[in-house]
Amino acid sequence: MRIGLIGAGAVAGFHATAAEVLDGTALTAVCDLDEAAARRAAALAPGAAVFTDHRAMLDSGLVDGVIVNTPHALHLPMALDAADRGLHVLVEKPMATTVADCETMLAGCADAGVSLAIGHIQHFFPDKVAAHDLVASGGLGRVVMVRDHRSTDYRPGTRPDWFFSPEVSGGGALMNIGGHCLDRTLWFGGGRAVEISASTAHRFGSAVETDGVISLRLDSGVGASIAVVSDPPTRVDRLAVVGERGVLEAGPRTGVAVQVDGRRRVVREPEEGDIQRAFTAQLADFLAVADGAEPSVPLAHARHVVELVVESYRSAAGGAARRVPERSPVGSSPR
Ligand SMILES: NC(=O)c1ccc[n+]([C@@H]2O[C@H](COP(=O)([O-])OP(=O)(O)OC[C@H]3O[C@@H](n4cnc5c(N)ncnc54)[C@H](O)[C@@H]3O)[C@@H](O)[C@H]2O)c1
């Protein structure tokens, strides 16, 4: 598959390298409004063309599939532009900024007959894969609770301006980092959320939330809690999964360990190159989807993540817990 990358920001290098190292793919084009950024990413793939208008790239005949790696509100229109031209689409997380936009993306890609996958990278991180394998093999017994805690930085000036525009980003710390937490919490918790309660903080004069906490009840019976905190004294990325027989902790810098009956066991140490491994595995999954496989991250799951971020904002604004409505399965939504 000849891949075109739209958006050459923070993780462009990982996407570009994945396309270059994977058998069966090549990065043939990069587009960014910022031509210098596009050139930097394109330099990772000798011969890759550079564009500053994504439609010109899509019409160039140089790409068979695209990675949409742009500000959140652009995910939908760019995915549809690609689908309209018969190109497969891998969209960075979050899928979109509203559930309605997720539905429009699903319908547009289905109607065009192109493959769609959402880049929920957590499912491909080697530490999370090792942790999930252990849970799936019954190593902790039945999962009863998940606790996820991550730091971030939403002080204005610490990241590009669009992250602070509610219209473009769809939200702050919870839409961005909280989306990763919701993704992996649901994955490890083995269900969809039926109830959600959240609080948010808007510090530093920010128009989007800088911090947030979410409490969830899943239909699997699992209770979960998520906290995303800006600029704390210690950087944190720590997922804890509580099973009837033991507790697992996973983090990209700390590795994976389990504690069963007072005994600690290291399951996996962090390794150099883990982030790139995750992006390469994610692209390999996208290739398989284009060949007809089901995506490792179900599209209904990606839509549910967006739904829960939006519900967390409603809960925070209303000061009360909310029931999460049932949704029709992906593919059966009325047009
Ligand atoms: N998977 C992960 O771990 C991970 C990490 C960081 C960001 N992300 C996601 O990646 C996406 C991009 O975030 P980022 O941090 O790279 O942002 P960024 O601001 O660093 O990069 C976005 C790029 O898109 C470009 N752009 C904006 N509008 C464009 C347009 N109309 N046409 C072409 N290019 C355009 C900008 O010039 C910029 O270079 C977001 O969805 C974000 O949530 C994922």
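Seen against the Cα atoms of the chain and their longest principal axis, helix 173-189 is set at about 60 degrees.
Where in segment 69-92 does the amide nitrogen come within less than 15 Å of the point 7 Å from the Cα of residue 167, taken along Cα to Cβ? Within reach of a label on residue 167, which here means backbone N under 15 Å from a point 7 Å along Cα→Cβ, segment 69-92 contributes 72-74.
For the chain, the 222 nm mean residue ellipticity estimated from helices alone, with every DSSP H stretch of n ≥ 4 adding -39500 (n - 2.57) and the total spread over all residues, rounds to -10500 deg cm²/dmol.
Taking the Cα of residue 155, stepping 7 Å toward and past its beta carbon, and measuring to each backbone N in segment 205-222: which are under 18 Å? Of the residues in segment 205-222, 205-212 have backbone N under 18 Å from the label point off residue 155. So in the chain, what percent of DSSP beta bridges are antiparallel if you round to the nearest 5? The antiparallel proportion sits near 60 percent. A simple spin-label model places the labels of residue 300 and residue 59 3.9 nm from each other, with each point 7 Å out along Cα-to-Cβ.
Assign one of three labels to segment 98-252, namely rounded, prolate or oblate, based on the Cα gyration tensor with a ≥ b ≥ c the square roots of its eigenvalues; rounded applies when a/c is under 1.5, prolate when it is not and a/b is larger than b/c, and oblate otherwise. Oblate, since a/c reaches 1.5 and b/c is not below a/b. Both numbers refer to the Cα atoms of segment 2-119; Rg and Dmax are 13.0, 39 Å. Pairs of Cα atoms nearer than 8 Å and 6+ residues apart set the relative contact order; for segment 169-243 it is 30 percent. Taking 0.36 nm per residue of separation and subtracting the Cα-Cα distance, full extension of the segment from residue 43 to residue 136 would add 29.4 nm. If you plug the beta carbon distance of residue 291 and residue 204 into 1/(1 + (r/R0)^6) with R0 = 41 Å, you get a FRET efficiency near 0.35.
When each of the peptides 221-230, 19-28 is scored by how many other beta carbons lie within 10 Å of its residues on average, the order from highest to lowest is 221-230, 19-28. Among the GluC sites (Glu not before Pro) in segment 244-307, those placed in a DSSP loop whose Cβ has at most 12 other Cβ atoms within 10 Å are 244, 271, 272.
The Rg/Rh ratio for the chain, using Cα coordinates for both the radius of gyration and the Kirkwood hydrodynamic radius, is 0.96. Distance from the alpha carbon centroid of segment 143-177 to that of segment 265-292 works out to 23 angstrom. Since only 144, 312, 37 are under comparison, the one whose Cα sits farthest along the positive direction of the charge dipole of the chain, derived from C-beta charges on Lys, Arg, Asp and Glu, is 144. For the modelled label position 7 Å from the Cα of residue 194 along Cα-to-Cβ, which residues of segment 214-249 have backbone nitrogen atoms closer than 13 Å? The answer is 217-223, whose backbone nitrogens lie closer than 13 Å to the label point. Per-residue extension of 0.36 nm, minus the Cα-Cα distance of residue 34 and residue 259, leaves a gain of 76.2 nm for this segment.
Of all the options 82, 250, 130, the one that moves most in a Gaussian network model of the chain with Cα springs shorter than 10 angstrom is 130.
Each reported figure results from applying straightforward, stated rules to the coordinates on display, with no laboratory input. Since the model is a prediction, treat every value here as computed from it, not as a measurement. A quick note on method: Cβ atoms are made from the backbone with ideal geometry, for glycine too, and the neighbour counts reach across all protein chains shown.
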